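**Student:** Before anything else, here's the structure in question.
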Amino acid sequence: EYAEFLHCKSRKFTDFDEVRQEIEAETERVTGTNKGISPVPINLRVYSPHVLNLTLIDLPGITKVPVGDQPQDIEFQIRDMILQFISRESSLILAVTPANVDLANSDALKMAKEVDPQGLRTIGVITKLDLMDEGTDARDVLENKLLPLRRGYIGVVNRSQKDIDGRKDIRAALAAERKFFLSHPSYRHMAERMGTPHLQRVLNQQLTNHIRETLPALRSKLQSQLLSLEKEVEEFKNFRPDDPARKTKALLQWQFGVDFEKRIEGSGDQVDTLELSGGARINRIFHERFPFELVKMEFDEKDLRREISYAIKNIHGVRQVTGLFTPDLAFEAIVKKQVVKLKEPCLKCVDLVIQELINTVRQCTSKVSSSPSPKSQNSPNPPNPPFSQSLIPEFPQILLLIDIELSYINTNHEDFIGFANAQQRNTQTNKKRAIPNQVRPGRIPGIIPGIIPGIPPTPNPAPRPGKSNPEIWEGGIFPQFPFFPLFPTLPAHPSPGTTPWNFLLGTFPLWEFFFPFFSSHSLFFGFFSSPQSESEEGAQENTFSMDPQLERQVETIRNLVDSYVGIINKSIRDLMPKTIMHLMINN
């Protein structure tokens, strides 16, 4: 067994009487000989096979009245010193209270309550159990019933002042303590949880667990401090001590860095009132130009639906296209194709920011070059750093955001509508668009132009801007007709020998729209057909005519793509400026 003091590292103490004397001597050297105090701790480390790993800070008790050379505010000084140690979240508080003092008046428990109101870090220790008045005991306190603590209370019996003066052996004191708890009627049932050895084991175990809990936060704090120091070292690693101009270089670099930061952060000494500059222009790119570039990426609705229909058909292959379920692979293929298109506006945003940074650097270097320096006559124009070249490697890292989005389609996102909602939205849209019993102005219900003699066929109207004929209607794709979209106009000159139209029975609730003389419960559905030429078949292929089942799947996937691309756009609009700030501007 031996001990070492921090203030005398080269010496090992094997006689613990000398350790006690060194503690007293060091206390007098620091605080004087007349009861002075000091917040500077005396560091003592004891090595022994008979002790457990434990770090203990022995703090002074509260002094109410100053004595000797103690200052008048001794109570507040000691209180501040104690709070300085017990306020640390990484420490456990050992609140020591004599058993012959009312627990409600304990200064230790009161101060522990201030910094640890829930009692998560506080362990109660009750001393002087052998000095309590006859007929009284601390059983309720030790059983954690009176003032409960999360970690409980432990009772100990220390050597008396007479034992200390008589140099009573520690081993004998521990044996006497053990005998006291085993023989006392109030404590014998809890003797295994009382005493100094049990306190040592509890402190060792709880401190180990506490270190394990607080170590991750401590490691993170140390890592952040290390990174901060490494960043400071990085700023000075290029300065050589033997360089006579190093002070000038350091000053110019510092001046450049301060000026550049002010222009980016917007706290410059000279505010430009004529135009936006520096950080304001970058902010404009982030929040105006970049969102505009994203919104500007409009895609042709007709082409998108064609791509969706082709994807569905290709996924089904030789099997029946109108399956029972909407294929999710078609959704993923279309979404990924739309996400890839985001790379172009992202690259444009990066390029615009680089140009603004280059302009800002030029403004800062011109200011530095105009500043007087001892070497100004040798180098009147400091060279611009290869700014754009140094930022070119950041492009792949910035585009990594798009690659990350492509790597996994998260259909469990809280904002994603899902297949069920997409189909429900499709149904609601159909109901809104299918308006029954509508009569156009100037038309007579029940009369189809071109069928009833005397009423000529009405030509198709000219295509509306931004729309294509035939129109895509929710119930199917049919050429536009001014009276009702389900009926195409007839050919003006049908081929000889062909049937100009055929009537097919079906189910449609708007029969009275055409033939009001049927009974009110009859159902009628009419299609007019004629033999198609090869050119008409090719035109039909170009319009990718779909059956209602296929079109419902197309509309469902269209709704899903809208929802998911909206989520991606929202994420990219938020992350792209942050990524550019981290990889380019802050560096």
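The values are calculated or read from the model by the stated rules, or taken from the named source; none is laboratory data. Predicted model only: the values in this text are computed from it and were never measured. Don't worry about glycine lacking a Cβ; one is built from the backbone with ideal geometry, like all the others, and counts go over all protein chains shown. Ligands, DNA and RNA are excluded from the accessible area calculation, which covers all protein heavy atoms including side chains. Shrake-Rupley method; radii C 1.70, N 1.55, O 1.52, S 1.80 Å.
**Student:** Order of 224-232, 107-115 by packing, highest average Cβ count within 10 Å first?
**Tutor:** Values: 224-232: 9.7, 107-115: 17.3.
Listed from highest to lowest mean packing, they are 107-115, 224-232.
**Student:** Could you sort MET297, MET81 by their accessible area in this structure, using a 1.4 Å probe and putting the largest first?
**Tutor:** Reading off the accessible areas and sorting them downward yields MET297, MET81.
**Student:** Continuing with this model, one more query. Could I have the simple spin-label model distance between LEU276 and ASP15, label points 7 Å from Cα toward Cβ, reported in nm to one decimal?
**Tutor:** 8.2
**Student:** May I ask you to evaluate 6.51 cos²θ - 1.76 cosθ + 1.60, the Karplus curve with θ = phi - 60°, for each residue of segment 174-185 and list the ³J(HN,Hα) values in order in whole Hz, giving x for glycine and proline?
**Tutor:** After applying 6.51 cos²θ - 1.76 cosθ + 1.60, I find 5, 5, 5, 5, 4, 5, 4, 5, 6, 9, 7, x Hz.
**Student:** Another question, if that's okay. Using 27 Å as the Cα-Cα cut-off, could you pick out the over-long pairs in LYS9/LYS162; LYS113/LYS179; LYS231/LYS341; LYS336/LYS570; LYS35/LYS221; LYS64/LYS179?
**Tutor:** Numbers: LYS9/LYS162 33 Å; LYS113/LYS179 33 Å; LYS231/LYS341 38 Å; LYS336/LYS570 16 Å; LYS35/LYS221 38 Å; LYS64/LYS179 36 Å.
The pairs that break the limit, which is 27 Å between Cα atoms, are LYS9/LYS162; LYS113/LYS179; LYS231/LYS341; LYS35/LYS221; LYS64/LYS179.
**Student:** Another question, if that's okay. If each of LEU222 and ASP140 carries a label point 7 Å out from its Cα toward its Cβ, how far apart are those two points in nm?
**Tutor:** With each label point 7 Å from Cα toward Cβ, the separation is 4.6 nm.
**Student:** What are the principal axis extents of the Cα atoms in segment 88-226, in Å, biggest first?
**Tutor:** 56, 32, 28
**Student:** Below 8 Å, C-alpha to C-alpha, sequence gap of six or more: please give me the relative contact order for segment 88-226 in percent. It would help to have the intermediate numbers written out before the result.
**Tutor:** Numbers: 147 pairs, mean separation 27.9, N = 139.
Contact order relative to length: 20 percent.
**Student:** Now, a different point. Quick one: length gained pulling LYS179 to ASN100 fully straight, 0.36 nm per residue minus the C-alpha distance? Please report the intermediate quantities before stating the final value.
**Tutor:** Working: separation 79, 0.36 × 79 = 28.44 nm, distance 2.02 nm.
Extra length available between LYS179 and ASN100 comes to 26.4 nm.
**Student:** Mind listing which trypsin sites (Lys or Arg not before Pro) in segment 1-50 are in a DSSP loop and have 13 or fewer other Cβ atoms within 10 Å?
**Tutor:** Numbers: sites: LYS9, ARG11, LYS12, ARG20, ARG29, LYS35, ARG45; in loops: LYS35.
Loop-located and lightly packed - LYS35.
**Student:** Between ASP574 and GLU4, what FRET efficiency comes out of the Förster formula 1/(1 + (r/R0)^6) with R0 = 56 Å and r the beta carbon distance, rounded to 0.05?
**Tutor:** For R0 = 56 Å, the calculated efficiency reads 0.50.
**Student:** Multiplying the sequence separation of LEU406 and ILE358 by 0.36 nm and subtracting their Cα-Cα distance, what value in nm do you get?
**Tutor:** Working: separation 48, 0.36 × 48 = 17.28 nm, distance 3.17 nm.
Extending this stretch completely gives an extra 14.1 nm.
**Student:** Here's a follow-up. Quick one: 3J(HN,Hα) in Hz for segment 339-352, Karplus 6.51/-1.76/1.60 with θ = phi - 60°, rounded, Gly and Pro as x.
**Tutor:** With the stated coefficients, segment 339-352 comes to 5, 4, 5, 6, 4, 4, x, 5, 5, 5, 4, 4, 4, 5 Hz.
**Student:** Given H placed on each backbone N at 1.01 Å, which residues far from TYR2 in sequence or on other chains put an amide H within less than 5 Å of it?
**Tutor:** TYR47
**Student:** For LYS296, which aspartates and glutamates qualify as cross-link partners when the Cα separation must be under 14 Å and same-chain residues fewer than eight apart are set aside?
**Tutor:** GLU288, GLU344
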